[in-house]
1. Given axes a ≥ b ≥ c from the Cα gyration tensor, I'd like to know whether the range 25-86 is rounded (a/c under 1.5), prolate (a/b larger than b/c) or oblate.
2. Which whole-number value in Å² is the accessible area per residue of the range 42-118, probe 1.4 Å?
3. Per-residue HN-Hα couplings for the range 75-89, Karplus 6.51 cos²θ - 1.76 cosθ + 1.60 at θ = phi - 60°, whole Hz, x for Gly and Pro?
4. How much length is gained if the chain between A106 and T53 is pulled fully straight, taking 0.36 nm per residue apart and subtracting their Cα-Cα distance, in nm to one decimal?
5. Two decimals is fine: what's Rg over Rh for the range 68-113, C-alpha atoms, Kirkwood radius as Rh?
6. Tell me, what ³J(HN,Hα) does each residue in the range 40-55 have, in order and in whole Hz, if you take phi through Karplus 6.51 cos²θ - 1.76 cosθ + 1.60 with θ = phi - 60° and put x for Gly and Pro?
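The values are calculated or read from the model by the stated rules, or taken from the named source; none is laboratory data. In this text, all values refer to a predicted model and were calculated from it rather than measured experimentally. Surface accessibility is based on the protein's heavy atoms, side chains included, excluding ligands, DNA and RNA. Shrake-Rupley method; radii C 1.70, N 1.55, O 1.52, S 1.80 Å.
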Amino acid sequence: TSTIRGYSAHFAYLAGKGAVRGLTRSAAAYCAAQRDDQLQREVVIIRPGGPKTNTRVRLLAHVFQHQIHHRGQVHAMLAGTPIAPPPLDEFFTSGDAAARAADFAALGWSESQIWLTP
């Protein structure tokens, strides 16, 4: 396995094989299937020090925030290599719809699905 400054290229391989895209679709499908009453259901997470209980909505908020943290880490790692890091600030204004159309199409999404508009 090749490495960049000690980091495995395994993740690049997975991305090339569509694994990341599959995880994105799976997470999006899970979130899309949730309803208000389901988001308030409690979930027990086994943690060191004992089980912790929280609602799905709080756990999903944590997962998305944690993803942002890791995107920042990857950005910082790539900044020290010849590989250009992706942008961190995805600003989803209506005027930027054309710029993200190919990404949305690849994921099977539409603007109306994401923004809940007719």
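1. Details: a/c = 4.03, a/b = 1.81, b/c = 2.22.
It comes out oblate by the Cα gyration axes.
2. Value for the range 42-118: 77 Å² per residue.
3. Whole-Hz 3J(HN,Hα) from phi for the range 75-89: 4, 5, 5, 5, 4, x, 10, x, 8, 5, x, x, x, 8, 9.
4. The A106-T53 span can extend by a further 15.5 nm.
5. Values: Rg = 13.4 Å, Rh = 12.4 Å.
Answer for the range 68-113: 1.08.
6. Values per residue, Gly and Pro as x: 8, 5, 7, 10, 9, 10, 7, 10, x, x, x, x, 10, 10, 7, 7 Hz.
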